[in-house]
C-alpha cells in the first residue's frame, strides 16, 4: 500500500511500477523517458545508502519514502551520508501506515486525495489520513 501511495503522490506521465522485489537493481517505481532514460527513481522502505548513491548516478531525481517502525533509527544512522547525496527523503508516520494497511482487502476500490503533505484514503472498509514529513529535500 505504501508503494501505491508513493505512486499517487508522484503521479505523472510515464510513471510505472517496476518488477519490484524480483528485480533488485530496479527501484520500486520509476519514470523512464521516451528514449528510455531513467528520469525518476523512487524507493519505498529503508534502503542502504550505497543503493541510493548508485541511484543518484543513474537518475537525475531520486526519492525515498520511509515508513517502517524503525524508520527513525534508519534515518539517524544514515542521515550524514544521505546529506551528501542529491536525494529527497520522506517519512510516513508508522501508525498511519498501519491504519492504511487495515483498509486492505483482496479486491477493493480506493480513493486518494492528496493535499500538501497528507493523503486522505477512502475505501469500502473505512478511511484514514496518511501524512509524511520531508526529512531531506534535494
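Against the empirical 2.2 N^0.38 Å (N residues), segment 2-105 has a Cα radius of gyration ratio of 1.07.
Using a 7 Å offset from the Cα along the Cα-to-Cβ direction at both residue 56 and residue 37, what is the distance between the two label points in nm, to one decimal? Each label point is offset 7 Å from its Cα along the Cβ direction, giving 2.0 nm. Comparing 57, 79, 106 in a Gaussian network model of the chain (Cα springs below 10 Å), the most mobile by mean-square fluctuation is 106.
Percent relative contact order of segment 66-138, based on C-alpha pairs within less than 8 angstrom and at least six residues apart? Normalised by residue count, the contact order of segment 66-138 is 35 percent. Note on the chain: with a GNM built from Cα contacts shorter than 10 Å, the maximum mean-square fluctuation among 97, 114, 42 falls on 114. Based on C-alpha pairs under 8 angstrom that are at least 6 apart in sequence, segment 2-105 has a relative contact order of 20 percent. Each part gets one Cα centre, and for segment 71-103 versus segment 41-67 those centres are 12 Å apart. At the listed q of 0.24 Å⁻¹, the Debye profile of segment 62-138, built from one uniform point per Cα, gives log10 I(q)/I(0) equal to -1.07. Running a GNM on the chain with Cα contacts under 10 Å, which residue among 116, 45, 78 ends up with the highest mean-square fluctuation? Taking springs between Cα atoms under 10 Å, the residue moving most is 116.
Values quoted throughout were computed directly from the atomic coordinates according to the rules given, and no laboratory measurement underlies them. Model, not experiment: these values are computed from the prediction. Note that each Cβ is placed from the backbone with ideal geometry, even for glycine, and that neighbours are counted across all protein chains shown.
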